[in-house]
Amino acid sequence: MPLAARQFIDRTLENPFPGIPALERKLGRAIISRLSGNEALPIYPGQWLRTYREEFLDRCREYPDPAAYSLRVALGRHRGIGIDEVLVDAGVDSLIHLALRTFTQAGDPVLCSTGTYPTFEHFARAQGLQVRQLPYAGNGMRLRTDLPGLLAAAWDIRPKVLYLANPDNPTGHYYNEQTIQAFAQALPEETLLLLDEAYVEFAIGDPHPVCLWPNTLRLRSFSKAYGLAGLRIGYAMAPVTLLDYLVQARIHYSVCGISQWLAEQALEDTAYSLQLRAETLQLRVRFQQLADEAGLICLPCATNFVTLCMHSPEAANQLQWALLELGVSVSKPNALNGQSLIRITLQADIFVSQIARLIFARPGRSLP
Ligand SMILES: Cc1ncc(COP(=O)(O)O)c(C=O)c1O
């Protein structure tokens, strides 16, 4: 099993802020008057009183539950795992940071693919880690994370943490569960697999129960399939022995009460997320059809974005700038295996005629 950094190994660091809900559970009764946390009087800007309900305003004024207990109970039930196998934090980005802080010390080697979602590399460098990277495999429609290559590199480098986004960003490529499980099982014993599944619901829905492996942190987000990017909330799933380490290092109030409350409502309203995914899928199918008709290479993305392989760096620049002139932002990731990419989030705006005309222009044809 991967070991945490020295200061967490004996599991004795206890966070000094357990929060009011933990006190209520311990006492077996409700706290009806909160006089311990130095929270403010319930006085709010007048406009807010006209706009928001009291239960919303109270959640703004009060410190949140550091343990996100209620949301974790709901997540445990929905994902078929124990409450202690779920940890809530401020989005997958924040969980990546937390995992690096927990499992590494300056100078340790970590591993990821060159050009994958950049948060991991950024935080790893900020922490003084040695970032080792491996190019993607394949080209065009077969551009994908090089799993056998990563495995070989892991045995060579012995990284403390290996980061893998599945589905990947920017390729949108998805490896199935059996493949990822075999990959996880084949890693060196000391390597933590940081499996970023921010988009996984678009690929496979909500399998129940989620499988947990002794060396893997599965990171999930409320930003994509639950539409709550602005609330900054996500969760990690792993066996208790791994999550316990993270609990010692996390920032206790990193997820506000509003976010916990709304995320739980979004999770319980399963029809809402299913509709969001179904409509996203319709946009993806429509995009892929138009891209095919225009002779564009659209990668088989299992995500809420699509990625075009442009025929040259100039074509990628030209499209990005033409769209910017219309006030439309798309992403131009770094070239992968020499291929210039344009990544486009699936929104109905894509099919507005002015925008569609630019995106679905035939390669080589000058833009109108
Ligand atoms: C692969 C991947 N992981 C994580 C994130 C960020 O997730 P969150 O909003 O939960 O921090 C993104 C956002 O684009 C992403 O593409």
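Couple of notes before you dig in:
- With DNA, RNA and ligands ignored, accessible area of His122 (1.4 Å probe; Å², nearest 10): 120
- Taking 0.36 nm per residue of separation and subtracting the current Cα-Cα distance, fully stretching the chain between Ala106 and Arg286 would add 60.1 nm.
- In the chain, the longest principal axis of the Cα atoms and the axis of helix 270-293 are about 10 degrees apart.
- Extent of region 272-359 along its three principal axes (Cα atoms, max minus min coordinate, largest first): 40, 29, 23 Å.
- Cβ-Cβ distance of Ala22 and Ile251, R₀ of 22 Å, FRET efficiency by 1/(1 + (r/R0)^6): the value works out to about 0.85.
- The chain - percent of accessible surface contributed by carbon and sulfur, probe 1.4 Å: 54
- Take the Cα of Glu314, step 7 Å toward its Cβ, do the same at Ala186, and the gap between the two points is 4.2 nm.
- Here the label points at Glu54 and Ser353, each 7 Å from Cα along the C-beta direction, are separated by 5.4 nm in the simple model.
- Take every DSSP beta bridge whose two residues both sit in the chain; close to 55 percent of them are antiparallel.
- Taking a sphere under 10 Å around the Cβ of Ala5 and counting the other residues whose Cβ falls inside, with K and R at +1 and D and E at -1, yields a net charge of +2.
- Eigen-decomposition of the gyration tensor built on the alpha-carbon atoms of region 155-314 gives equivalent ellipsoid semi-axes of 29, 23, 14 angstrom, largest listed first.
- Bridging of Lys160 to aspartates and glutamates at a Cα separation below 13 Å is possible for Asp108, Glu189, Glu190, once same-chain residues fewer than 8 apart are set aside.
- Region 236-254 residues near the modelled Arg34 label - backbone nitrogen below 16 Å, point 7 Å along Cα→Cβ: 252-254
- Quotient of C-alpha Rg and 2.2 N^0.38 Å, computed over the chain: 1.08
- Accessible surface calculations at 1.4 Å, restricted to protein heavy atoms, place the chain at 48 Å² per residue.
- Using the Cβ-Cβ distance between Asp84 and Leu324 with R0 set to 56 Å, the FRET efficiency from 1/(1 + (r/R0)^6) comes to roughly 0.75.
- Potential lengthening between Thr241 and Thr12 on full extension [0.36 nm per residue; Cα-Cα distance subtracted]: 81.1 nm
- Burial order of peptide ranges 332-342, 160-170 (average beta-carbon count within 10 Å, highest first): 160-170, 332-342
- Cα shape, region 135-217, gyration tensor, a/c 1.5 rule: oblate
- Taking 0.36 nm per residue of separation and subtracting the current Cα-Cα distance, fully stretching the chain between Trp155 and Gln265 would add 35.3 nm.
The values are calculated or read from the model by the stated rules, or taken from the named source; none is laboratory data. Just so you know, these numbers come straight off a predicted model, no measurement behind them. Don't worry about glycine lacking a Cβ; one is built from the backbone with ideal geometry, like all the others, and counts go over all protein chains shown. Side chains included, ligands, DNA and RNA excluded: accessible areas come from the protein's heavy atoms. Shrake-Rupley method; radii C 1.70, N 1.55, O 1.52, S 1.80 Å.
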